[in-house]
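Colleague: Below: one structure in structure tokens.
What follows is calculated from the coordinates using simple rules that are stated; it is not laboratory data. What you are looking at is a predicted structure, and each value in this text was computed from that prediction instead of being measured. Note: ideal-geometry Cβ built from the backbone for every residue, glycine included; neighbour counts use all protein chains shown.
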Amino acid sequence: MNPLWLATRATGEVSLVLFSVVTVMGIATTKGWASSRWPESVITLLHRNVSLLSVVFLGVHIGTTVVDSYVPIGWLDVVIPFQTTYKTLWVGLGTIAFDLLAAVIITSLVRRRIPPRLWKGIHWTAYAMWAVSIVHSLGVGTDMLLTRIIAGMMVGFVAAAVVARFMTPHRQDDPIVSVPTRMELRS
């Protein structure tokens, strides 16, 4: 079997799991689920670092897909949805998820320079990105049993966090959590 195709499949599944973990950690930071064992600063740092790891795996997933000649997917298909001839709908959904992710990343990089409500509003699209990614994986995945098992587990994982989020009393301050600097962590 083609090693690039295997890498594409594996990194796609790993990305789905990691983005699900990131989604749950994001919910945890907004609802103040911190404890003495898991302070909010630790949850926020984990959210950021697992997000970065997710992006790395997604980059490998996209890169191996484009480089592999098994399917006709090019670099423009990565950013412009519904252009490829290979499973147009399902790959297009993956492109939409990537575009939403790009918006979240860009606004997170400049969030100190934009209004907090704008950042928060765009960051909310991460839920849509995650859901579209689930549908993308179910439609384009070639190992359907494994993909369905992983997708089902991740939907249950995120759904449980969403239910818990709505069952948790609303925080009056509802801050946009800022990640502490290294100096703040040491003191």
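Colleague: Please compute the contact order of the chain in relative form: average sequence separation of alpha-carbon pairs under 8 Å and at least six residues apart, divided by the residue count, as a percent.
Modeller: Numbers: 198 pairs, mean separation 52.4, N = 187.
Over the chain, the number comes to 28 percent.
Colleague: Whole-Hz ³J(HN,Hα) for each residue in segment 149-165, computed from phi via Karplus 6.51 cos²θ - 1.76 cosθ + 1.60 with θ = phi - 60°, x for glycine and proline: what do you get?
Modeller: Per residue, the Karplus-derived 3J(HN,Hα) values read 5, 5, 4, x, 5, 5, 4, x, 4, 6, 4, 4, 5, 5, 4, 4, 4 Hz.
Colleague: Then there is this: Given the -39500 (n - 2.57) contribution per DSSP H run of 4+ residues, what per-residue ellipticity at 222 nm results for the chain, rounded to the nearest 500 deg cm²/dmol?
Modeller: Working: 8 runs with 137 residues, N = 187.
Calculated from helices alone, the mean residue ellipticity at 222 nm is -24500 deg cm²/dmol.
Colleague: Follow-up. Remind me, what semi-axes does the chain give for its equivalent ellipsoid, largest first in whole Å, using sqrt of 5 times each Cα gyration tensor eigenvalue? Please list the in-between numbers first.
Modeller: Working: eigenvalues 198, 63, 49 Å².
Equivalent ellipsoid semi-axes, largest first: 31, 18, 16 Å.
Colleague: Once you have the Cα-Cα distance between Met144 and Ala128, take 0.36 nm times their residue separation minus that, and quote the gain in nm to one decimal.
Modeller: Values: separation 16, 0.36 × 16 = 5.76 nm, distance 2.23 nm.
Fully extending the segment from Met144 to Ala128 adds 3.5 nm.
Colleague: Report the Cα centroid-to-centroid distance between segment 1-75 and segment 128-169 in angstrom, as an integer.
Modeller: About 13 Å separates the Cα centre of segment 1-75 from the one of segment 128-169.
Colleague: Using the Karplus curve 6.51 cos²θ - 1.76 cosθ + 1.60 with θ = phi - 60°, what ³J(HN,Hα) values do you get for each residue of segment 131-144, in whole Hz, with x for Gly and Pro?
Modeller: After applying 6.51 cos²θ - 1.76 cosθ + 1.60, I find 5, 5, 5, 4, 4, 4, 5, 5, x, 9, x, 9, 9, 4 Hz.
Colleague: Measure off 7 Å from each Cα along the Cα-to-Cβ vector at Ser36 and Leu89, then give the distance between these two points in nanometres to one decimal.
Modeller: In this crude spin-label approximation the distance works out to 5.4 nm.
Colleague: Could you list the residues of segment 1-25 with an amide nitrogen less than 18 Å from a label point located 7 Å from the Cα of Thr168 in the Cα-to-C-beta direction?
Modeller: Under cut-off, by backbone N: 20-25.
Colleague: Go through segment 7-21 residue by residue and turn each phi into a ³J(HN,Hα) via Karplus (6.51, -1.76, 1.60, θ = phi - 60°); whole Hz please, and just put x for glycine and proline.
Modeller: Whole-Hz 3J(HN,Hα) from phi for segment 7-21: 5, 4, 5, 5, 5, x, 5, 5, 4, 4, 5, 5, 5, 5, 4.
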